[in-house]
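K.L.:
Dropping a structure here in C-alpha coordinates format, bear with me for questions.
The values are calculated or read from the model by the stated rules, or taken from the named source; none is laboratory data. Because the structure is predicted, anything quoted here is derived from the model rather than measured. No Cβ is skipped: glycine too gets one built from the backbone with ideal geometry, and neighbour counts run over all protein chains shown. SASA here: full protein model, heavy atoms, side chains in, ligands and nucleic acids out. Shrake-Rupley method; radii C 1.70, N 1.55, O 1.52, S 1.80 Å.
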Amino acid sequence: MRIRPARERDVETLVDELWRPFMDALLADDPDTELADEFREDAVEYRREQLQETGRIDRVADDDGRLLGYVSAEIQESAPVVDRGDTLHINEVYVRPEHRRDGLGTALLAHAEEWGEQQGCVRLTLSVDAPNDGAQALYREHGFETIRHRMRKPLE
(Lines give C-alpha, C1' and ligand atoms only; values in the text may rest on other atoms or scores of the structure.)
Protein backbone atom coordinates (compact mmCIF):
# COMPACT_ATOMS: atom_id res chain seq x y z
CA MET A 1 0.00 0.00 0.00
CA ARG A 2 1.22 3.48 -0.81
CA ILE A 3 -0.07 7.01 -0.45
CA ARG A 4 0.03 8.88 -3.74
CA PRO A 5 -1.57 11.87 -5.48
CA ALA A 6 -5.03 11.20 -6.86
CA ARG A 7 -5.02 11.08 -10.65
CA GLU A 8 -7.60 11.88 -13.29
CA ARG A 9 -8.20 8.16 -13.86
CA ASP A 10 -8.95 7.70 -10.11
CA VAL A 11 -11.76 10.23 -9.96
CA GLU A 12 -14.75 8.03 -10.77
CA THR A 13 -13.59 5.26 -8.43
CA LEU A 14 -12.84 7.81 -5.73
CA VAL A 15 -16.33 9.27 -6.03
CA ASP A 16 -18.16 5.93 -6.25
CA GLU A 17 -16.21 3.82 -3.77
CA LEU A 18 -14.81 6.32 -1.25
CA TRP A 19 -16.53 9.71 -1.39
CA ARG A 20 -20.07 8.29 -1.63
CA PRO A 21 -19.66 6.09 1.48
CA PHE A 22 -18.00 9.05 3.24
CA MET A 23 -21.02 11.20 2.42
CA ASP A 24 -23.50 8.46 3.35
CA ALA A 25 -21.90 8.21 6.81
CA LEU A 26 -21.75 11.97 7.16
CA LEU A 27 -25.38 12.44 6.17
CA ALA A 28 -26.58 9.60 8.41
CA ASP A 29 -25.92 11.96 11.33
CA ASP A 30 -27.49 14.94 9.56
CA PRO A 31 -31.21 14.41 8.90
CA ASP A 32 -31.55 17.93 7.45
CA THR A 33 -29.27 17.24 4.46
CA GLU A 34 -29.31 14.73 1.62
CA LEU A 35 -27.46 14.24 -1.64
CA ALA A 36 -28.93 15.86 -4.72
CA ASP A 37 -30.73 13.51 -7.12
CA GLU A 38 -28.06 13.84 -9.80
CA PHE A 39 -25.03 14.20 -7.52
CA ARG A 40 -22.58 11.83 -9.24
CA GLU A 41 -21.86 13.85 -12.39
CA ASP A 42 -21.34 17.03 -10.37
CA ALA A 43 -19.17 15.21 -7.82
CA VAL A 44 -16.95 13.76 -10.56
CA GLU A 45 -16.59 17.14 -12.26
CA TYR A 46 -15.84 18.86 -8.94
CA ARG A 47 -13.14 16.29 -8.08
CA ARG A 48 -11.54 16.68 -11.50
CA GLU A 49 -11.43 20.45 -11.04
CA GLN A 50 -9.88 20.05 -7.59
CA LEU A 51 -7.02 18.04 -9.04
CA GLN A 52 -6.01 21.11 -11.06
CA GLU A 53 -6.04 23.56 -8.14
CA THR A 54 -2.91 24.75 -6.40
CA GLY A 55 -2.77 25.05 -2.63
CA ARG A 56 -4.55 21.76 -2.06
CA ILE A 57 -3.91 18.04 -2.10
CA ASP A 58 -5.97 14.97 -2.82
CA ARG A 59 -4.12 11.80 -1.88
CA VAL A 60 -5.26 8.19 -2.07
CA ALA A 61 -4.16 5.02 -0.31
CA ASP A 62 -3.51 2.62 -3.20
CA ASP A 63 -3.11 -1.14 -2.75
CA ASP A 64 -2.18 -2.53 -6.17
CA GLY A 65 -4.77 -0.36 -7.91
CA ARG A 66 -7.51 -0.67 -5.30
CA LEU A 67 -8.21 2.61 -3.53
CA LEU A 68 -8.57 2.02 0.23
CA GLY A 69 -8.93 5.60 1.45
CA TYR A 70 -8.23 9.23 0.72
CA VAL A 71 -7.49 12.62 2.23
CA SER A 72 -8.40 16.00 0.77
CA ALA A 73 -6.89 19.17 2.24
CA GLU A 74 -6.32 22.80 1.34
CA ILE A 75 -4.26 25.74 2.52
CA GLN A 76 -6.26 28.48 4.20
CA GLU A 77 -4.34 31.73 4.21
CA SER A 78 -4.21 33.70 7.41
CA ALA A 79 -6.22 36.91 7.46
CA PRO A 80 -3.96 39.98 7.29
CA VAL A 81 -5.38 41.32 10.57
CA VAL A 82 -4.03 38.45 12.68
CA ASP A 83 -0.44 37.51 13.40
CA ARG A 84 -0.29 33.84 12.52
CA GLY A 85 0.71 31.69 9.60
CA ASP A 86 -1.36 29.73 7.13
CA THR A 87 -3.39 26.65 8.08
CA LEU A 88 -3.74 23.36 6.29
CA HIS A 89 -7.37 22.33 6.65
CA ILE A 90 -8.34 18.71 6.07
CA ASN A 91 -11.69 18.77 4.32
CA GLU A 92 -12.19 15.01 4.12
CA VAL A 93 -10.45 11.86 5.25
CA TYR A 94 -11.99 8.44 4.69
CA VAL A 95 -10.83 4.83 4.98
CA ARG A 96 -12.90 1.85 3.88
CA PRO A 97 -14.45 0.29 7.01
CA GLU A 98 -12.69 -3.06 6.50
CA HIS A 99 -9.31 -1.29 6.53
CA ARG A 100 -9.82 0.90 9.57
CA ARG A 101 -7.37 0.40 12.44
CA ASP A 102 -4.76 -0.78 9.91
CA GLY A 103 -2.81 2.49 10.04
CA LEU A 104 -4.25 3.97 6.85
CA GLY A 105 -5.89 6.92 8.59
CA THR A 106 -2.61 7.63 10.35
CA ALA A 107 -0.69 7.42 7.06
CA LEU A 108 -3.12 9.74 5.28
CA LEU A 109 -3.00 12.29 8.11
CA ALA A 110 0.80 12.13 8.23
CA HIS A 111 1.03 12.67 4.48
CA ALA A 112 -1.21 15.73 4.66
CA GLU A 113 0.68 17.09 7.66
CA GLU A 114 4.05 16.68 5.94
CA TRP A 115 2.77 18.42 2.81
CA GLY A 116 1.35 21.27 4.89
CA GLU A 117 4.69 21.76 6.64
CA GLN A 118 6.46 21.83 3.27
CA GLN A 119 4.05 24.57 2.18
CA GLY A 120 4.87 26.65 5.26
CA CYS A 121 1.63 26.04 7.14
CA VAL A 122 1.87 26.42 10.91
CA ARG A 123 -1.19 24.41 11.95
CA LEU A 124 -3.48 21.62 10.81
CA THR A 125 -7.24 21.75 11.35
CA LEU A 126 -10.23 19.58 10.57
CA SER A 127 -13.86 19.17 11.54
CA VAL A 128 -15.36 15.94 12.82
CA ASP A 129 -18.97 15.08 13.53
CA ALA A 130 -19.90 14.86 17.19
CA PRO A 131 -21.11 11.20 16.99
CA ASN A 132 -17.92 10.00 15.23
CA ASP A 133 -16.08 8.70 18.29
CA GLY A 134 -13.64 6.57 16.29
CA ALA A 135 -12.39 9.47 14.21
CA GLN A 136 -12.18 11.73 17.25
CA ALA A 137 -10.03 9.15 19.05
CA LEU A 138 -7.71 8.90 16.03
CA TYR A 139 -7.34 12.66 15.82
CA ARG A 140 -6.65 13.02 19.56
CA GLU A 141 -3.99 10.27 19.25
CA HIS A 142 -2.29 12.47 16.70
CA GLY A 143 -2.28 15.64 18.76
CA PHE A 144 -5.51 17.32 17.71
CA GLU A 145 -7.46 19.12 20.40
CA THR A 146 -10.96 20.53 20.46
CA ILE A 147 -10.90 24.32 20.37
CA ARG A 148 -14.43 25.12 19.20
CA HIS A 149 -17.83 23.51 19.01
CA ARG A 150 -19.90 24.32 15.95
CA MET A 151 -23.60 24.60 16.62
CA ARG A 152 -26.58 25.10 14.33
CA LYS A 153 -30.23 25.92 14.37
CA PRO A 154 -32.72 25.62 11.51
CA LEU A 155 -34.38 28.79 10.32
CA GLU A 156 -38.01 28.62 9.43
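K.L.:
Residues that are of a type in the set (Asp, Glu), over 13 Å from the mean Cα position of the chain (by Cα), open to solvent by less than 100 Å² (accessible area, probe 1.4 Å) and on the phi < 0 side of the Ramachandran plot: does segment 115-130 have at least one?
P.N.:
To start, the set of residues in segment 115-130 that are of a type in the set (Asp, Glu) comprises 117, 129.
With over 13 Å from the mean Cα position of the chain (by Cα) added as a condition, the list becomes 117.
This time we only want the ones that are open to solvent by less than 100 Å² (accessible area, probe 1.4 Å), so: none.
No, segment 115-130 contains no residue that is of a type in the set (Asp, Glu), over 13 Å from the mean Cα position of the chain (by Cα), open to solvent by less than 100 Å² (accessible area, probe 1.4 Å) and on the phi < 0 side of the Ramachandran plot.
K.L.:
Something else about it: Filter segment 72-91 down to the residues that are under 18 Å from Asn132 (Cα atoms) and surrounded by fewer than 17 Cβ atoms within 10 Å (Cβ to Cβ) and list them by number. Reasoning before the result, please.
P.N.:
Initially, segment 72-91 is screened for residues under 18 Å from Asn132 (Cα atoms), giving 90-91.
Asn91 - this is the single residue of segment 72-91 that is under 18 Å from Asn132 (Cα atoms) and surrounded by fewer than 17 Cβ atoms within 10 Å (Cβ to Cβ).
K.L.:
Can I ask one more? Picking from Arg56, Arg48, which residue would you name as being of a type outside the set (S, T, N, Q), at pLDDT 95 or above, surrounded by fewer than 15 Cβ atoms within 10 Å (Cβ to Cβ) and at negative phi?
P.N.:
Numbers: Arg56 fails: surrounded by fewer than 15 Cβ atoms within 10 Å (Cβ to Cβ).
Of Arg56, Arg48, the one residue that is of a type outside the set (S, T, N, Q), at pLDDT 95 or above, surrounded by fewer than 15 Cβ atoms within 10 Å (Cβ to Cβ) and at negative phi is Arg48.
K.L.:
Shifting gears a bit: Does any residue of segment 110-126 turn out to be over 19 Å from Asp86 (Cβ atoms) and of a type outside the set (Gly, Ala, Ser)?
P.N.:
no
K.L.:
OK, next. Say whether the condition of being under 17 Å from the mean Cα position of the chain (by Cα), at pLDDT 95 or above and of a type in the set (A, V, I, L, M, F, W, C) is met by at least one residue in segment 36-43. Before the answer, list the steps.
P.N.:
Going residue by residue through segment 36-43, those that are under 17 Å from the mean Cα position of the chain (by Cα) are 43.
Filter once more, so that each one left must be at pLDDT 95 or above: none.
Scanning segment 36-43, I find no residue that is under 17 Å from the mean Cα position of the chain (by Cα), at pLDDT 95 or above and of a type in the set (A, V, I, L, M, F, W, C), so the answer is no.
K.L.:
Still on this structure, please answer the following. Would a scan of segment 54-71 turn up a residue that is under 26 Å from Pro131 (Cβ atoms) and free of Cβ contacts under 8 Å to residues at least 24 places away in the same chain?
P.N.:
No: zero hits.
K.L.:
Looking at (1) in a loop (DSSP other than H, G, I, E, B); (2) farther than 29 Å from Asp133 by Cβ; (3) in contact with a helix residue (DSSP H, G or I) (Cβ under 6 Å, 6 or more places away or on another chain), find the lone condition where Thr33 falls short.
P.N.:
Failing condition for Thr33: (2).
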